[in-house]
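What follows is a short report on a single structure.
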Amino acid sequence: MPTAPPGPNSYTTLAAGQDFRNEIAIRRSRFITVLRRVEDETGARALVAELRREFYGARHHCSAFVLGPGRSVRRSNDDGEPSGTAGAPMLDALLKHGSGAGTVPSADLSDVCAVVVRYFGGILLGAGGLVRAYSESVGTALELAPLVRRNRLQLFTVSVPHADAGRVENELRTAGCVMTGNSYGAERTDVGLAIADDAAVIAAVQDRLASLSAGHSTLVPVGVDWVDAAS
């Protein structure tokens, strides 16, 4: 059996496919929050650049992002607001989202970039007011945004005689495995499958496979993958 890679095997992220936007007004200033799911720093910085072009008349385009299953990459930028009043509270909102009731069971949000575009309304908010405004802007957007669980799966192949491939594949699918495709040799079929990264689940599949093949077939690890849980 393979050893699971270090770090969490599940985390929360923004649903893929499109940005999520939300706007709030605080003392005549407009705070437009844009959330995007990103895979790396390049993707996060691309979002900031896009919004600078779209909202070219805005005074500030503040940003924060968290990346990786273990949330190892964390960045924020005040973009001209007083130091620590914009990017830091935005990042804090990302890191703390879900600690309590709501759509996320624990504070594990990652692979998300938040940009808050501010149009100044003519009334100074002060340092404390800015911290609250940027935190509220991101926090409110996260409460409304579509979030999903992203799970790490262990990838395996199972070598079986051609005549047994269909039966084994159906049994493994019934056991909850995700089938990833087959490859064919002269005499045997390599059945591809993915299993939740959980030692007990993997052991149960191995036991079922041993029963199906009279002990002749075993799981061969070939890697890992991350997939969004079905909604």
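Please state which one of ALA194, ALA141 is modelled with pLDDT of 90 or more, under 22 Å from the mean Cα position of the chain (by Cα), hydrophobic (A, V, I, L, M, F, W, C) and under 21 Å from GLY215 (Cα atoms).
Of the residues listed, the single one that is modelled with pLDDT of 90 or more, under 22 Å from the mean Cα position of the chain (by Cα), hydrophobic (A, V, I, L, M, F, W, C) and under 21 Å from GLY215 (Cα atoms) is ALA194.
Check ASP228, ASP190 and return the single one that is among the charged types (D, E, K, R) and under 30 Å from GLY87 (Cβ atoms).
Among ASP228, ASP190, only ASP228 is among the charged types (D, E, K, R) and under 30 Å from GLY87 (Cβ atoms).
Quick grid of which residues meet (1) among the hydrophobic types (A, V, I, L, M, F, W, C); (2) closer than 18 Å to PHE20 by Cβ:
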{"residue": "THR42", "(1), (2)": "no, no"}
{"residue": "LEU47", "(1), (2)": "yes, yes"}
{"residue": "GLU54", "(1), (2)": "no, yes"}
{"residue": "GLY57", "(1), (2)": "no, no"}
{"residue": "ARG74", "(1), (2)": "no, no"}
{"residue": "ALA88", "(1), (2)": "yes, no"}
{"residue": "SER110", "(1), (2)": "no, yes"}
{"residue": "TYR119", "(1), (2)": "no, no"}
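For the stretch 205-231, which residues satisfy the criterion of being within 27 Å of VAL148 (Cα to Cα) and touching a Ser or Thr at 6+ places or on another chain (Cβ under 7 Å)? Working first, answer last.
Applying the first criterion (within 27 Å of VAL148 (Cα to Cα)) to the stretch 205-231 yields 205, 221-231.
VAL222 - this is the single residue of the stretch 205-231 that is within 27 Å of VAL148 (Cα to Cα) and touching a Ser or Thr at 6+ places or on another chain (Cβ under 7 Å).
Give the residues of the stretch 104-138 that are surrounded by 22 or more Cβ atoms within 10 Å (Cβ to Cβ), of a type in the set (D, E, K, R) and more than 16 Å from the chain's Cα centre (by Cα), sorted by residue number.
ARG118
Could you check the stretch 200-231 and list, in sequence order, the residues that are touching a residue at least 60 places away in the same chain (Cβ under 8 Å), among the polar types (S, T, N, Q) and loosely packed, with under 12 Cβ neighbours inside 10 Å?
Going residue by residue through the stretch 200-231, those that are touching a residue at least 60 places away in the same chain (Cβ under 8 Å) are 202-203, 206, 218-229, 231.
Going one step further and asking which of them are among the polar types (S, T, N, Q), we end up with 206, 218, 231.
Of everything in the stretch 200-231, just one residue is touching a residue at least 60 places away in the same chain (Cβ under 8 Å), among the polar types (S, T, N, Q) and loosely packed, with under 12 Cβ neighbours inside 10 Å, namely SER231.
Quick check on this structure: which one of ALA25, ALA88, ALA93 is touching a residue at least 12 places away in the same chain (Cβ under 8 Å), surrounded by 21 or more Cβ atoms within 10 Å (Cβ to Cβ), among the small types (Gly, Ala, Ser) and outside any loop (DSSP other than H, G, I, E, B)? Give the derivation first.
Working: ALA25 fails: surrounded by 21 or more Cβ atoms within 10 Å (Cβ to Cβ); ALA88 fails: surrounded by 21 or more Cβ atoms within 10 Å (Cβ to Cβ).
Answer to the selection: ALA93.
Looking at the stretch 33-42 only, could you name the residues that are closer than 15 Å to THR13 by Cα and surrounded by 13 or more Cβ atoms within 10 Å (Cβ to Cβ)?
Hits for the stretch 33-42 are VAL34, LEU35, ARG36, ARG37, VAL38, ASP40.
Of all residues in the stretch 163-175, count the ones that are touching a residue at least 24 places away in the same chain (Cβ under 8 Å) and either exposed (fewer than 13 other Cβ atoms within 10 Å of the Cβ) or in a strand (DSSP E or B) (or both).
1
Can SER63 be described as touching a residue at least 24 places away in the same chain (Cβ under 8 Å), in the same structural domain as ASP207 (by TED's automatic domain parsing), in a strand (DSSP E or B) and of a type in the set (Gly, Ala, Ser)?
no
The values are calculated or read from the model by the stated rules, or taken from the named source; none is laboratory data. Computed from a predicted structure; not experimentally measured. Neighbour counts run over all protein chains shown; Cβ positions are idealised from the backbone, glycine included.
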